[in-house]
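Got a structure here, written out as structure tokens. Questions coming.
The values are calculated or read from the model by the stated rules, or taken from the named source; none is laboratory data. Computed from a predicted model, the values in this text were never measured in an experiment. Counting neighbours? That spans all protein chains shown, and the Cβs are built from the backbone with ideal geometry, glycine included.
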Amino acid sequence: MQSVFDLTGKVAIITGGSRGIGKAIAHAFARAGAAIVIAGRTREPLEGAAEELRMTGADAMAVPTHCGRPEQIDRLIEAAVGAYGRVDILVNNAATSPHFGPLVEATDDLWRKTLEVNLLGYFHAARRAAEAMTEDGGKIINVSSIAAAEPLPGLGVYGVTKAAVMALTRTLALELGRRNIQVNALAPGLIRTSFSRALWDDERIAETALAKIPARRFGEVEDLVGAALLLAAPASDYMTGVVLTVDGGYSVS
Ligand SMILES: NC(=O)c1ccc[n+]([C@@H]2O[C@H](COP(=O)([O-])OP(=O)(O)OC[C@H]3O[C@@H](n4cnc5c(N)ncnc54)[C@H](OP(=O)(O)O)[C@@H]3O)[C@@H](O)[C@H]2O)c1
């Protein structure tokens, strides 16, 4: 019998797949049998990440993409369909947080840049991926954050976009359900990547953060892959519009 976590024959697009959480998810999906298309802005590390996947025996390609540019997202989806003939899974993972400071000090330009990638980019990719999905249905996973539900100091603009991702997820779940497309969100806590370096690299900030985490450690990218695989695999065929929080208990403390 086929495992409910098997992705054999599936094609998965993962934005922000060149490092961090996206890269770990790409490897997990590849181990489960999917062909992988990773996207990111910078060509060299992206090509390197695709090569690493191929060295494990996976089918993988890199498509340099700025997720704040709709025409580049169009090209990403077209490249995936062109190479593999289908799209089954989209992980909207690439995000940005250019403003660090009080919300009231954020300029319109910084708001725009954050919204363009974290919200409009997610929406555009979801729409285009859904158009490319067949009658077999599909899976869309939007990477949000615990910052969606709880204000994190200095990360207000980012948090607002991540909260919007939750609403986007639920609305798309409602609208795409009839096409057998499940849309769910993943809300990581404090995961040790370059993105969150400011939180775990500074001893004083790290200590304050750790005091809020019942697990008493920061998360590692591997901590996310089980939840991501669940949301990508047949195991979640009757789950849609939900958010899986993977934060070592941060949100309950
Ligand atoms: N780390 C955490 O503690 C944490 C917590 C909660 C939520 N998250 C979420 O998890 C996701 C991944 O974060 P991470 O920690 O893995 O970050 P990361 O290690 O910095 O990786 C970010 C990835 O996204 C790509 N990227 C960034 N901006 C992009 C853009 N405009 N267009 C296309 N690709 C872009 C990067 O490649 P290029 O720079 O080459 O484009 C890279 O591949 C994000 O949605 C983040 O909000 C992270």
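From the list G82, G57, exactly one residue is more than 18 Å from the chain's Cα centre (by Cα), surrounded by fewer than 18 Cβ atoms within 10 Å (Cβ to Cβ) and either over 22 Å from F123 (Cα atoms) or basic (K, R) (or both). Which is it?
Answer to the selection: G57.
Within segment 86-113, can you find the residues that are more than 16 Å from the ligand (Cβ to nearest atom), assigned to a loop (DSSP other than H, G, I, E, B) and over 30 Å from A132 (Cα atoms)?
Across segment 86-113, the qualifying residues are P102, A106, T107.
Can I ask one more? What residue, of A79, A106, is closer than 24 Å to V160 by Cα and at pLDDT 95 or above? Spell out how you get there, then give the answer.
On the way: A79 fails: closer than 24 Å to V160 by Cα.
Step by step, each of A79, A106 is checked, and only A106 is closer than 24 Å to V160 by Cα and at pLDDT 95 or above.
Hey, among the residues in segment 5-37 that are assigned to a strand (DSSP E or B) and more than 8 Å from the ligand (Cβ to nearest atom), which one's surrounded by the most Cβ atoms within 10 Å (Cβ to Cβ)?
Restricting to residues being assigned to a strand (DSSP E or B) and more than 8 Å from the ligand (Cβ to nearest atom), the top hit is I14.
Taking the condition of a type outside the set (S, T, Y), more than 10 Å from the ligand (Cβ to nearest atom) and in contact with a helix residue (DSSP H, G or I) (Cβ under 6 Å, 6 or more places away or on another chain), does A187 pass? Even if it seems obvious, please write down each step before you answer.
Working: of a type outside the set (S, T, Y): yes; more than 10 Å from the ligand (Cβ to nearest atom): no; in contact with a helix residue (DSSP H, G or I) (Cβ under 6 Å, 6 or more places away or on another chain): yes.
So A187 does not fit the description; no.
A further question follows. Give the residue, chosen from A130, A147, that is within 24 Å of Q72 (Cα to Cα) and of a type outside the set (F, W, Y).
Numbers: A147 fails: within 24 Å of Q72 (Cα to Cα).
Unique residue meeting the criteria: A130.
Go through segment 174-204 residue by residue and tally those that are over 16 Å from the mean Cα position of the chain (by Cα), of a type outside the set (D, E, K, R) and surrounded by fewer than 20 Cβ atoms within 10 Å (Cβ to Cβ).
Filtering segment 174-204 down to residues over 16 Å from the mean Cα position of the chain (by Cα) leaves 174-181, 197-204.
Checking the rest, the ones that are also of a type outside the set (D, E, K, R) come to 174, 176-177, 180-181, 198-200.
Remaining after also requiring surrounded by fewer than 20 Cβ atoms within 10 Å (Cβ to Cβ): 174, 177, 180, 198-200.
Looking only at that region, the number is 6.
Give the residues of segment 38-75 that are of a type outside the set (D, E, K, R), more than 13 Å from the ligand (Cβ to nearest atom) and touching a strand residue (DSSP E or B) at 6+ places or on another chain (Cβ under 9 Å), sorted by residue number.
Within segment 38-75, L53, A58, A60, M61 meet the criteria.
Do any helices (runs of 4 or more DSSP H) lying entirely in segment 160-253 carry at least 1 residues that are at pLDDT 95 or above and of a type in the set (G, A, S), and which ones are they?
Counting at least 1 such residues, we get 203-211, 222-232.
Can you pull out every residue in segment 150-162 that is of a type in the set (G, A, S) and either surrounded by fewer than 18 Cβ atoms within 10 Å (Cβ to Cβ) or touching a strand residue (DSSP E or B) at 6+ places or on another chain (Cβ under 6 Å) (or both)?
Of everything in segment 150-162, just one residue is of a type in the set (G, A, S) and either surrounded by fewer than 18 Cβ atoms within 10 Å (Cβ to Cβ) or touching a strand residue (DSSP E or B) at 6+ places or on another chain (Cβ under 6 Å) (or both), namely G154.
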